[in-house]
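The values are calculated or read from the model by the stated rules, or taken from the named source; none is laboratory data. As the structure is a computational prediction, the values presented were derived from the model and not from experiment. Glycine also receives a Cβ, built like all others from the backbone with ideal geometry; neighbour counts cover every protein chain displayed. Quick note on the areas: whole protein, heavy atoms, side chains included, nothing else; ligands and nucleic acids left out. Shrake-Rupley method; radii C 1.70, N 1.55, O 1.52, S 1.80 Å.
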Amino acid sequence: MYQVLLVDDEPIILSGIKYLIDWEKNNCQIADTVRNGKQALEKLRTLRPDIVICDISMPVISGTELLALASEESPDTVFIMLTNHPDFHLAQESLRFKAVDYLLKSQLTAESLEASLARACQERDKRAKLTRVELVDSYLQEEEQRALHIAVHRLTQAMNSKDGGLGETSAVLQRHGITDGWGMAHIPLNFSHTKLGEGAPAETRRLADWETDMLNKLAGNLFPHHLLFCPNKLSQQLFLLCWGVPAEEWERRMLQFSAKAQSASATITQTQLRVMATDFFYSPESLTECRRQLVLLQEYSYLEQEGTFFREFEPLTFQPLNLLGFGGRLSAELRSKNPAGVDKLLERAETKIRETLHEKAQAEWLCGEICAAVLEVLSAENEIPLCRYWEQVQLLRRSQAVHWLTLLKNELCAQMEQYASGKQELIEKAKQYVLDNVEKRIMLQDVAEHVCISPGYLSALFKKMYNQNFSDYINHVKMERACELIQQGRYRIYEISDMLSFENAYYFSQVFKRHIGTTPTGYQKQIRRE
């Protein structure tokens, strides 16, 4: 049953229309009645009626204005317009916004209203069907566009399997008529010279979107058909697919696009970019070669080799970095808080990255190993932000990896030197406490409280630095003081034992012999002989 909204500012007219016909007999039901255009617009948005019978002349919002708004917001809703004036201009205006009928109130009869309602119901069905078709078409177009993106994205990645998904890619590209003649380009983006640099993922994502929009417009001016896309949200590179361009025009137009893109990017976003193009291809069988060239162009871009077209680049012979087990060795040096060892390891990694002709994947693996080692060893409060940053960017240039390694090396070494310096200060403070209180009974707990660390941590730290138990150090200092007192010749042995807060002279004698190599009495006799 069709829902009908009645709109007229005259209550008598509303009542007359409401009771003029049997609505159920005409497969209709009155959803509501309102008396001005503003109320009608609200009901349109909430009730979503199928049919609106509306007066043209109304306060607040006129019937014609309401019809115009409804044609934008609710195009499926069908309008029947009413008026007291046989004005052709108003009828024309109503029909322009697709009103299904235009009725004079003075000539309104049950038969004319029912006939108009019948036409409105047919029009409502037609519009609903058309909307469904448009929705399906829109969905299919979106799905086909998504399939095209996936197919082209697959072309940009190296595959281990024999086909690597090229069969599906070929089918999608052929549906779009692309395999009759096409070329592609790899466009790495460098944000290091912008105000943001490369350390703010959300902002660089905004810059990448800006670049995509700008380059889309430039490509549209030069190529009949094109597809420009970012592989993922964190990516700082674009890929451009062009087709429908004459083969002999490929290089000229691509050079023109490259020059315009570099100039516009440098001026507007301060982004540096390169445009590196494949050959021009003519058949589905060329997809394998297209993928090979795209994968290698990404390697050339990473190694920062000069060139614009694939044929201009020299063939590559990759070498291994030979850094297996690097993460384990770095973890060991970090745990031992050895800045020199960390510096040496990361310096070696830098040199390997800088001087070895290696695949980008090896550098990605190495940097991932380093991040894992750092995040595993360092506690949350000492966590290196550079490692979290690395997880949010994509490695595109060898210099980017070298720069990151240099920053990480400097930060790690600075932290460990600060760590070592801070711990040395704690130990020196503990040692001074022992010297200042040598004649008192010194407990590990007392010293730990003085330097504000736990007794266990103080003991472990002292053992690590001096390979000696802290209690032995205390006794060693006391024995040195005992020797001084014996040399003065003014005190008896039991008096010295008491002065140094030992429980009894016997225990004092045992400790003295262990540290000095003889008993206090023996040492006293030796001093006298000398």
Identify, please: which residue in region 477-504 is part of a helix (DSSP H, G or I) and either basic (Lys, Arg) or touching a strand residue (DSSP E or B) at 6+ places or on another chain (Cβ under 9 Å) (or both) and is, among those, most open to solvent (accessible area, probe 1.4 Å)?
ARG481
Within region 6-24, is there a residue that is surrounded by fewer than 16 Cβ atoms within 10 Å (Cβ to Cβ), outside any loop (DSSP other than H, G, I, E, B) and charged (D, E, K, R)?
yes
So, in region 45-64, of the ones that are modelled with pLDDT under 90 and in a helix (DSSP H, G or I), which residue ends up nearest to SER15 (Cα to Cα)?
GLY63
Hey, does region 444-453 have a residue that's of a type outside the set (A, V, I, L, M, F, W, C) and touching a Pro at 6+ places or on another chain (Cβ under 7 Å)?
yes
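Identify, from the list GLN3, GLN39, the residue that is assigned to a strand (DSSP E or B), open to solvent by 40 Å² or more (accessible area, probe 1.4 Å), more than 23 Å from SER106 (Cβ to Cβ) and not basic (Lys, Arg). Show your work before the answer.
Working: GLN39 fails: assigned to a strand (DSSP E or B).
Exactly one residue qualifies, and that residue is GLN3.
Got a number for residues in region 68-97 being modelled with pLDDT under 85 and open to solvent by 10 Å² or more (accessible area, probe 1.4 Å)? If you could, list the steps in order and put the result at the bottom.
Initial filter on region 68-97 (modelled with pLDDT under 85): 83-97.
Right, trim to open to solvent by 10 Å² or more (accessible area, probe 1.4 Å) and you get 84-93, 95-97.
Qualifying residue count, region 68-97: 13.
Within region 478-530, take every residue that is among the aliphatic types (A, V, I, L, M) and in contact (Cβ under 8 Å) with a residue 40 or more places away in the chain and give me the one that is nearest to LYS440 (Cα to Cα). Before you say what the answer is, go through the steps one by one.
The first filter runs over region 478-530 and keeps only residues among the aliphatic types (A, V, I, L, M), leaving 479, 482, 485-486, 493, 496, 499-500, 505, 511, 516, 527.
Of the ones still in play, those that are also in contact (Cβ under 8 Å) with a residue 40 or more places away in the chain are 486, 499-500, 527.
Details: ILE486: 18, MET499: 8, LEU500: 6, ILE527: 25 Å.
Once the filter is applied, the top-ranked residue is LEU500.
Given the criteria under 27 Å from LYS429 (Cβ atoms), touching a Ser or Thr at 6+ places or on another chain (Cβ under 9 Å) and in a helix (DSSP H, G or I), does ALA448 qualify? Before the answer, list the steps.
Working: under 27 Å from LYS429 (Cβ atoms): yes; touching a Ser or Thr at 6+ places or on another chain (Cβ under 9 Å): yes; in a helix (DSSP H, G or I): yes.
Yes, satisfied.
Let's see how each residue does on (1) outside any helix (DSSP H, G or I); (2) over 16 Å from LEU6 (Cβ atoms); (3) open to solvent by less than 80 Å² (accessible area, probe 1.4 Å):
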site	(1), (2), (3)
GLN29	yes, no, no
LYS43	no, no, yes
ARG119	no, yes, no
GLN122	no, yes, no
How many residues, within region 274-301, are hydrophobic (A, V, I, L, M, F, W, C), closer than 20 Å to GLY244 by Cβ and part of a helix (DSSP H, G or I)?
3
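Per-residue answers, yes or no, for (1) at pLDDT below 95; (2) touching a helix residue (DSSP H, G or I) at 6+ places or on another chain (Cβ under 8 Å):
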{"position": "MET214", "(1), (2)": "yes, yes"}
{"position": "GLY220", "(1), (2)": "yes, no"}
{"position": "LEU227", "(1), (2)": "yes, yes"}
{"position": "SER235", "(1), (2)": "yes, yes"}
{"position": "PRO246", "(1), (2)": "yes, no"}
{"position": "GLN256", "(1), (2)": "no, yes"}
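Residues checked against (1) touching a Lys or Arg at 6+ places or on another chain (Cβ under 7 Å); (2) assigned to a helix (DSSP H, G or I); (3) on the phi < 0 side of the Ramachandran plot; (4) not polar (S, T, N, Q):
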residue: GLN305; (1), (2), (3), (4): no, no, yes, no
residue: GLU314; (1), (2), (3), (4): no, no, yes, yes
residue: THR317; (1), (2), (3), (4): no, no, yes, no
residue: ALA332; (1), (2), (3), (4): no, yes, yes, yes
residue: LYS344; (1), (2), (3), (4): no, yes, yes, yes
Only residues that are open to solvent by less than 50 Å² (accessible area, probe 1.4 Å) and either among the small types (Gly, Ala, Ser) or more than 30 Å from LEU412 (Cα to Cα) (or both): list them for region 307-327, please.
GLY307, THR308, PHE309, PHE310, PHE313, LEU316, GLY325, GLY327
For region 71-84, check the following and say yes or no: at least one residue is under 55 Å from the mean Cα position of the chain (by Cα), under 17 Å from TYR102 (Cα atoms) and either among the acidic types (Asp, Glu) or not in a strand (DSSP E or B) (or both).
yes
Checking the conditions here, which among TYR419, TYR433 is over 29 Å from ILE187 (Cβ atoms), of a type in the set (Ser, Thr, Tyr), modelled with pLDDT under 85 and open to solvent by 40 Å² or more (accessible area, probe 1.4 Å)?
TYR419
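If only one of SER161, SER138 is small (Gly, Ala, Ser), open to solvent by less than 80 Å² (accessible area, probe 1.4 Å), over 29 Å from THR278 (Cα atoms) and at pLDDT below 75, which one is it? Show your work before the answer.
On the way: SER161 fails: over 29 Å from THR278 (Cα atoms).
Result of the check over SER161, SER138: SER138.
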